[in-house]
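Participant: Below you will find the structure I want to go over with you.
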Amino acid sequence: QHKLFNATTLQNLQEQLEGYCPVRELFMTMFRKQFNSPQQGQQHLNIFYPEKPIPCPAPLAISGTVLKLLSDEIVAASQANATAVQEANAVKEAVYKQVCLAVDHVLPGVGVRVFGSSVNGFGTAGSDLDLSLTATPTSTQLTNLAAYIEDQVPTMSNLDSSRLTARIPILKFDVAIPVAVPVNSNGTQQQRVIQVDLSPSNTLAQINTKLLHTYSLHPMASSIMLLLKRLVRKYNVNNPSEGSLSTYAYVLMVIHYLQTVNVLPDLQSLAYLRQTDAHGNVCSAQIVRPNTPPHVPLQHPHSPHYVCNVYFLCPNNRVEYDALMKLYGASNVSASDVGFHFVNFLYYFVNQFDYRRDVVSITKNDPDFANYAVAATMQAQTQAQQAVDCNDAAAVGLAGYAKLLKCEHWPESFTTKHNTLSVADPLEKFYDVSHVLKNSQWFRIRKVFAEALERLCSYGTDSRGGCDVKSVVQVLLGTEES
């Protein structure tokens, strides 16, 4: 396709273009020569690309009554969602069995595994069913599987095989399952249709699902995410194809925020200290932070030069589960705090998180943290003291949490990501989950968050004289009835 340049030259050109500075009209290789460190380059960009402030009320400006009612409604919605998910899982289990039969007919001996939002604890009853094979079939075998599903399985329809040639092939189709409800007036039995995404072996995705599920065991995380999903979908800022953020990115943002306020721990930096009985069974488990970060290597399936650290604290028995729940309970937050933490999450990403400098990361088990540990600690101590002087308890927690520097973690592209958010994948640390995010869409996301806070603030101080528990979330979403 490019006869004038070989592959190495094209790669070098691409890397330079990604680091282009429009102010000095220099490419990355020249840009580095102008400054002694990435931090100097960061300072240069801060001067020429200043922050766009967004007016936004602080969480403490919102009525305590409104926050209490918001908490009640979030908890109720979370409980209702848990019931709906449980009912949907019964249908998805029937879908899973049908897919297993179809796969076994074309690919004998190949199993099917569930991953993604249906089982990571952050999904809803309407979440798609993400499945992966236990092997990596050839393109011909995948084509044969697609043909069998389309022609031989009547309950499966709307097959989409357009992504079979992608880097990670995905086969999309719908599965209809009869539900145990009375028949329709025309005498036909009602059906539930589940969308299925089937891909080849994806070990990293399965491990990632377990990691997120372990975080979701803390009810604060899944409850905040449930309402956040409604907010971002209503204002269409949950669509990566249009340059906004994916649901997965929002989940990582929620976990990151809860870590900054000491609600959630960093599961990738903790380990179990176990004691066993005479039969080798775990009889007690204590969670500790080892001096040497745990490491479980896994070769990346698509990047042969990268090895992922897939370790995280995962309970494998009741004793370890109880130890984790005790750790989660030590955060001293209750269901009545979920409303405050939801609005504080919005405020954090509107005005507190320095997206120009920092990366949203949910683990400190990363070699890049060692590069600036001393400087980050000194800065955090200064910010924490300033927060104490202002009597802002929430800011103390935020200031005391070390963050991952963008110019250290991704020095080759931090200039191009300077004006927008960067979200690091917890396992594939080289991967920016928000790489498709446009500057305009990030500003719009922060604007949506700020306007939601404005509505809640106004709702607690208007002339109506009271708050309706059923309408607090509607006010936040901007759909309250007149």
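Participant: Determine, from the Cβ-Cβ distance of Ser334 and Val288 and an R0 of 30 Å, the FRET efficiency 1/(1 + (r/R0)^6), rounded to the nearest 0.05.
Facilitator: The formula returns an efficiency of 0.70 here.
Participant: Still on this structure: So how exposed is Glu242, as accessible area in Å² (1.4 Å probe, rounded to 10)?
Facilitator: 80 Å²
Participant: Mind giving me the nanometre distance, one decimal, between the label points for Ser241 and Phe443, set 7 Å out from Cα along Cα→Cβ?
Facilitator: So the two model labels end up 2.6 nm from each other.
Participant: Could you please put Thr8, Thr124 in sequence from largest to smallest accessible area, using a 1.4 Å probe?
Facilitator: Output order, biggest surface exposure first: Thr8, Thr124.
Participant: Order Tyr215, Tyr306 by their accessible area, 1.4 angstrom probe, all chains in place, largest first.
Facilitator: Tyr306, Tyr215
Participant: For region 293-339, just the Cα set please: Rg and Dmax, both in angstrom.
Facilitator: Computed over the Cα atoms of region 293-339, radius of gyration and Dmax are 16.7, 47 Å.
Participant: If Val193, Val179, Val95 are ordered by their accessible area, calculated over protein heavy atoms with a 1.4 Å probe, which sequence runs from highest to lowest?
Facilitator: Val193, Val179, Val95
Participant: What accessible area per residue, rounded to a whole number of Å², is obtained for region 122-162 using a probe radius of 1.4 Å?
Facilitator: I get 50 Å² per residue for region 122-162.
Participant: When the scattering of region 88-210 is computed by the Debye formula from its Cα atoms alone, each counted once and equally, what is log10 I(q)/I(0) at q = 0.20 Å⁻¹?
Facilitator: At q = 0.20 Å⁻¹ the computed log10 ratios are -1.15.
Participant: Here is a further query. Length gain on complete extension for the stretch Tyr431 to Tyr321, per 0.36 nm per residue less the alpha carbon to alpha carbon distance?
Facilitator: 36.6 nm
Participant: Right, here's the next one. From the C-alpha coordinates alone, can you work out the Kirkwood hydrodynamic radius of region 58-118, in Å?
Facilitator: Kirkwood hydrodynamic radius for region 58-118: 15.1 Å.
Participant: Going through the cross-link list Lys68/Lys447; Lys229/Lys406; Lys326/Lys406; Lys406/Lys447, which pairs have a Cα-Cα distance over 28 Å in this structure?
Facilitator: Cα-Cα > 28 Å for Lys326/Lys406; rest within.
Participant: Also, I was wondering about something else. Between Gln299 and Ala77, what FRET efficiency follows from the Cβ-Cβ distance if R0 is 56 Å, with the result rounded to 0.05?
Facilitator: 0.85
Participant: Report the full-extension gain for the segment Leu164 to Leu217: residue separation times 0.36 nm, less the Cα-Cα distance, to one decimal in nm.
Facilitator: Working it through step by step, the gained length comes to 15.6 nm.
Participant: While we're here: Can you compute the FRET efficiency between Thr9 and Asp174 using 1/(1 + (r/R0)^6), with r the Cβ-Cβ distance and R0 = 51 Å? Round to the nearest 0.05.
Facilitator: About 0.65, to the nearest 0.05.
Participant: I've got another one for you. On alpha-carbon atoms, Rg over Rh for region 212-259 using Kirkwood Rh?
Facilitator: Rg divided by Rh gives 0.99.
The values are calculated or read from the model by the stated rules, or taken from the named source; none is laboratory data. Remember, predicted model here, so these are calculated numbers, not experimental data. Quick reminder, even Gly has a Cβ in these numbers, built from the backbone with ideal geometry, and neighbours come from all protein chains shown. Areas reflect the complete protein model, heavy atoms only, side chains present, ligands, DNA and RNA absent. Shrake-Rupley method; radii C 1.70, N 1.55, O 1.52, S 1.80 Å.
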